Amino acid sequence: MNTRQTPKPKLKPKQEQQPNPAPSPPRRLSRPARRAALVVHVTVSACWLGLSLGLLALGITAATTGSPATVEASVRAMKLFADWLLLPVAFLTLLSGLLLSLGTKWGLARYRWVYTKFWLTLATTTATVLALRPGVNSAVTAVAAGGPLPDAGDVLFGPVVSLSAYVFMTVISVLKPWGKTRRGREWPQAFA
């Protein structure tokens with residue numbers, strides 16, 4: 001008979017539960033990918049700004065001219081811009097901005113200026129779909145039927161609001177005001 005006893009394993013004391021582990025570092029874009037996304041974002045943002053300025057010029061022309069042919073040409077050109085150019089440019093601006101914010105040190109909700117730009121871009125894209133395009137379409141329908149421009153606001157309000165928003169977003173992109181959000185201040189410095 002074997003008199004030798006195998007030692008019992010020592011039980012470790014119950015370890016204290018650790019608080020939630022630190023968040024893992026965000027996945028960053030490589031330098032070439034970041035540069036490419038930045039070029040796309042700046043280009044489509046400038047296009048959106050230019051389209052809004054063009055729409056405003058056409059809207060002012062339609063609202064102030066006395067020529068029915070000029071009014072019709074102006075609102076038809078606005079419809080062409082609104083139907084074929086505005087939405088692709090708006091969505092590409094939104095997507096490239098999201099890619100840049102999530103793939104760089106700026107983050108989506110870490111800095112107030114980035115957060116503000118995101119929500120303004122989302123709001124102006126929504127306003128393009130729900131207000132600007134229907135307003136231009138109703139103006140085209142009325143003018144094509146031989147009537148006058150029903151409401152100058154239909155062709156002026158959208159471009160004025162969007163142009164103001166895009167200029168404001170350009171300014172805050174350059175100045176980067178307001179500092180970090182509460183979430184940004186709580187984010188570990190190692191990931192900044």
Can you find a residue in the stretch 67-83 that is at pLDDT below 95, open to solvent by less than 40 Å² (accessible area, probe 1.4 Å) and within 29 Å of LEU175 (Cβ to Cβ)?
no
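Look at the stretch 135-156 and say how many of its residues are part of a loop (DSSP other than H, G, I, E, B) and either open to solvent by 40 Å² or more (accessible area, probe 1.4 Å) or under 21 Å from CYS47 (Cβ atoms) (or both).
Of the residues in the stretch 135-156, 5 are part of a loop (DSSP other than H, G, I, E, B) and either open to solvent by 40 Å² or more (accessible area, probe 1.4 Å) or under 21 Å from CYS47 (Cβ atoms) (or both).
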Out of everything in the stretch 1-37 that is touching a Ser or Thr at 6+ places or on another chain (Cβ under 8 Å) and of a type outside the set (Gly, Ala, Ser), what residue ends up being modelled with the highest pLDDT?
ARG34
Suppose the filter is under 28 Å from GLY66 (Cβ atoms), free of Cβ contacts under 8 Å to residues at least 12 places away in the same chain, open to solvent by less than 70 Å² (accessible area, probe 1.4 Å) and assigned to a helix (DSSP H, G or I); does PRO159 pass it?
no
Could you list, in sequence order, the residues of the stretch 101-128 that are assigned to a helix (DSSP H, G or I), of a type outside the set (Phe, Trp, Tyr), within 20 Å of ARG185 (Cα to Cα) and open to solvent by less than 50 Å² (accessible area, probe 1.4 Å)?
SER101, GLY103, VAL114, THR116, LYS117
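The values are calculated or read from the model by the stated rules, or taken from the named source; none is laboratory data. Treat the numbers as computed from the prediction; the structure is a model and nothing was measured. Using ideal geometry, Cβ is built from the backbone for each residue, glycine included, and neighbour counts are taken over all protein chains shown. Calculation scope for accessible area: heavy atoms of the full protein, side chains included, ligands and nucleic acids excluded. Shrake-Rupley method; radii C 1.70, N 1.55, O 1.52, S 1.80 Å.
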